[in-house]
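Where a number appears in this text, it was derived from the coordinates with a stated rule and is not lab data. Keep in mind it's a predicted model, so treat the numbers as computed, not measured. Don't worry about glycine lacking a Cβ; one is built from the backbone with ideal geometry, like all the others, and counts go over all protein chains shown.
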Amino acid sequence: MKFEAEERERYRAKEAEERDKARQAKLTLELKRLELSPAQNVTGVGRAPAFRLENAIKLLPKFNKQNVEEYLIGFEKLPR
């Protein structure tokens with residue numbers, strides 16, 4: 001009786017270990033697949049947003065022919 005219980009316990013432990021290995025292999029494979037595939041609709045941390053001309057134009061100061069120096073100073077202050 002004791003021997004059968006120990007045998008069942010070893011069997012369960014072995015099955016659990018095999019499931020863990022299979023799960024780990026599956027996760028590793030999925031990670032590799034994600035690393036190799038091009039990013040689709042994913043904004044990564046630290047990644048610059050797409051450049052939008054209409055938003056950039058709003059940041060430019062108004063141009064004045066009589067005061068070009070002021071325009072250039074304002075242009076230089078724009079974030080890059």
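Per residue of the chain, the DSSP helices (runs of n ≥ 4 H) give a summed -39500 (n - 2.57) that works out to -21500 deg cm²/dmol at 222 nm.
Relative to the current alpha-carbon distance between Leu34 and Arg10, full extension at 0.36 nm per residue lengthens the span by 5.0 nm.
For the chain, the longest principal axis of the Cα atoms and the long axis of helix 2-36 meet at an angle of about 20 degrees. Enumerate lysine pairs in the chain that are 8 or more residues apart or on different chains, then count those whose Cα atoms are under 26 Å apart. Value for the chain: 6. By the equivalent-ellipsoid construction on the alpha carbon gyration tensor, the chain comes out with semi-axes of 67, 12, 8 Å, ordered largest to smallest.
Counting charges near Thr28 (Lys, Arg +1; Asp, Glu -1) among other residues having Cβ under 13 Å from its Cβ returns a value of +2. Summing charges over all other residues whose Cβ lies under 12 Å from the Cβ of Arg12, with Lys and Arg as +1 and Asp and Glu as -1, gives -2.
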